[in-house]
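Every number here is computed from the coordinates shown, using simple stated rules; none is lab data. Owing to the predicted nature of the structure, the values given are computational and were not obtained by experimental measurement. Backbone-built Cβ (ideal geometry, glycine too); neighbour counts: all protein chains shown.
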Amino acid sequence: MRPDAKVEKVYLYPKSVDFRKSIDGLAALVELDIKVAVFDPVLFVFLNRSRNRVKILYWERNGFCLWLKRLESERFKTSPDVTDEAIVLSVQELNWLLDGFDLWRNRPHQVLTPRYVA
């Protein structure tokens with residue numbers, strides 16, 4: 001998932017999220033905690049407790065889209081400062097986060113070459 005130019009902002013939810021939540025549960029978190037209109041042209045990024053999965057929620061013309069990425073090794077890097085406020089990222093910073101860069105320390109994930117799934 002690489003966001004297009006229509007995206008105005010990216011909000012990284014500051015707390016870990018129970019990944020059993022789907023579109024409705026995540027949209028409720030946006031409205032209650034982030035306090036941003038969920039239908040705005042923005043992306044909402046959520047991480048699980050172990051930081052090896054990311055979900056991105058957004059509204060696209062006539063419905064919600066939910067995108068998921070699971071890392072097989074390593075973790076997504078987040079801010080070392082614990083806060084209750086959503087972290088505003090640029091689209092470029094989101095792409096760096098998805099590529100494995102630590103936005104706060106500037107180091108990428110190790111590249112894996114898997115041989116089989118199971």
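Brief remarks on what is shown
- Consider region 53-95 and keep the residues that are of a type in the set (D, E, K, R), surrounded by 11 or more Cβ atoms within 10 Å (Cβ to Cβ) and out of contact with any strand residue (DSSP E or B) (no Cβ under 8 Å at 6 or more places or on another chain). The one that is farthest from Asp33 (Cα to Cα) is Glu74.
- Region 59-79 - residue that is out of contact with any helix residue (DSSP H, G or I) (no Cβ under 9 Å at 6 or more places or on another chain) and charged (D, E, K, R) and, of those, nearest to Glu93 (Cα to Cα): Arg75
- Tally of residues being outside any strand (DSSP E or B) and of a type in the set (Val, Ile, Thr) across region 69-92: 4
- Of the residues examined, Ser22 is not one that is touching a residue at least 12 places away in the same chain (Cβ under 8 Å) and closer than 28 Å to Arg105 by Cα.
- Considered as a group, the residues in region 96-118 that are surrounded by 11 or more Cβ atoms within 10 Å (Cβ to Cβ) and aliphatic (A, V, I, L, M) include one that is farthest from Ser22 (Cα to Cα), and that residue is Leu103.
- Complete set of residues in region 15-52 that are surrounded by fewer than 18 Cβ atoms within 10 Å (Cβ to Cβ) and either hydroxyl-bearing (Ser, Thr, Tyr) or in a strand (DSSP E or B) (or both): Lys15, Ser16, Ser22, Ser50
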